[in-house]
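Report on the structure given below.
The values are calculated or read from the model by the stated rules, or taken from the named source; none is laboratory data. Quantities reported herein were computed from a predicted structural model and do not represent experimental measurements. Positions of Cβ are generated from backbone atoms using ideal geometry, with glycine treated the same way; all protein chains shown enter the neighbour counts. Quick note on the areas: whole protein, heavy atoms, side chains included, nothing else; ligands and nucleic acids left out. Shrake-Rupley method; radii C 1.70, N 1.55, O 1.52, S 1.80 Å.
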Amino acid sequence: MTEADLAELGVHRIPMPVPFPQAGGAVNAYLVEERDGRVLLVDAGLDTPEAHAALEAGFARLGRRLDEVSRILLTHGHIDHYGAARFVQERGSGAPVYAHPADVAKVAESGWRWREQVPLFVAHLARLGVPADAIAAQTREGERGFGLARRVAEVRPLEPGTVVETRALRLEVLHMPGHTPGLVCLYDRARRLLFSGDHLLERISPNPLIELGPDGRDGYFRPLLAYLDSLRRTRALDVDLVLPGHGRPFGGHRAVIDALLGFVEKRQARIRDVLRDGPHTAYEVSRALFPVARPGDGFLVVSETIGNLEVLEARGDVVREEAAGIFRHRLAG
């Protein structure tokens, strides 16, 4: 199925620029034609002039207007997917915004703010062995990133199992936690189409990000463990075409998933190699895995490392121990 075939079903992809290359390319919004002549918007891009211009140009190219948007469905609560939802509301008819309940706090005005979370993350990163200068670089990067999105006054819950009907599609809401706790995919079982958000991308592995509980505790959500379970459930689906959050639509989802699972196994084998010479902090392991990562990417690489260490702990391969307020990991046995 080509993008021309998708257009026959009333599905149109609008790519928008993002300023961070690790995202995997331009972020996609999908305009989906409704039965009443209006349009559903899946994701909205960043709240930047460049993204606004690309979104408006995409609508114009399709002969559409922002005030025709009937509802906005968010695949997950990351800034490049919800950032311009408020812009669309203000330029249009105030279309309601929907997200999975687990991600609403990332998007809604009433949710937490980065500045409130900073002390919790600073304390947690210190427990992971991250030095103070690296923590400072990571918090600055976080502050810069959250400035590229605006919160939404009201976010309605997009419950798993909900069926979203459009002109030609019947989209089931599938909860696929991992990349975020509340990531959802939209699946048309008859057409074998999957709007995957950042759950499944063709060329990169979605990053498992550290998520802290309300009191700053770790372990309440283990992103890579959740992601691997979600991947296996996705592999069981019959899918002809994946409509991802970044990049062009692609087929062969099982081959992509198998490659991802193999990639994870190789990374974990490398972590076991690093730990053979004794206990290490997560930061030390991350430096071995990503020796040339820039300081601003520190949160991404530490998150990736912790995610893999949590999988190895769950398998009984690795043990985490705490001494003097610092976590270190060693091989079991």
Most fluctuating residue given options 95, 51, 293, as computed from a GNM of the chain linking Cα atoms under 10 Å: 293
Expressed to two decimals, the stretch 67-219 has a Cα Rg over Rh, using the Kirkwood radius, of 1.01
Per the Cα gyration tensor, the stretch 216-285 corresponds to an equivalent ellipsoid with semi-axes, largest first in Å, of 30, 16, 11
Could you tally the net charge around residue 23, taking each other residue with its Cβ under 13 Å from the Cβ of residue 23, Lys/Arg +1 and Asp/Glu -1? -3
Just the Kirkwood number for the stretch 1-68, please: inverse of mean 1/r across all distinct Cα pairs, in Å, one decimal. 12.5
With the Cα gyration tensor of the stretch 107-146 giving a ≥ b ≥ c as the square roots of its eigenvalues, does the rule (a/c under 1.5 for rounded; else a/b larger than b/c for prolate; else oblate) give rounded, prolate or oblate? oblate
I need the Debye-formula profile for the stretch 256-333: one equal scatterer per C-alpha, no solvent, reported as log10 I(q)/I(0) at q = 0.16, 0.22, 0.25, 0.27 1/Å, two decimals. -0.58, -1.04, -1.25, -1.37
Considering only the chain, what is the antiparallel percent among its DSSP beta bridges, to the nearest 5? 70
Restricting the count to DSSP beta bridges whose residues both fall in the stretch 186-333, what percent are antiparallel, rounded to a multiple of 5? 75
The stretch 200-249 pair-distance distribution - Cα-Cα, 10 Å bins, rounded %: 21, 41, 27, 10, 0
Looking at the chain as a GNM with Cα springs under 10 Å, which of 307, 63, 147 has the largest mean-square fluctuation? 63
Inter-label distance, nm, simple model (7 Å from Cα along the C-beta direction), residue 163/residue 5: 2.3
Per residue solvent-accessible surface (Å²) - the chain, probe of 1.4 Å: 42
Starting from the Cα of residue 35, step 7 Å toward the Cβ, then list every residue of the stretch 142-178 with an amide N under 18 Å from that point. 162-173
Pull out the extension gain between residue 293 and residue 240, defined as 0.36 nm times the separation in residues minus the alpha carbon to alpha carbon distance; nm, one decimal. 15.5 nm
Computed lengthening from residue 277 to residue 189, 0.36 nm per intervening residue step minus Cα-Cα distance: 26.7 nm
Taking the stretch 25-141 on its own, what percent of its Cα-Cα pair distances exceed 26 Å? 33
Expected max-MSF residue from 21, 223, 206 in the GNM of the chain (alpha carbon, under 10 Å) is 21
Take the Cα atoms of the stretch 183-333, find their three principal axes, and give me the spread along each one in whole Å, biggest first. 56, 34, 32
Please work out whether the stretch 148-259 counts as rounded, prolate or oblate from its C-alpha gyration tensor, where a ≥ b ≥ c are the square roots of the eigenvalues and a/c under 1.5 means rounded, while otherwise a/b larger than b/c means prolate and anything else oblate? oblate
Projected area, mean over directions - the chain, Cα convex hull, nm²: 16.2
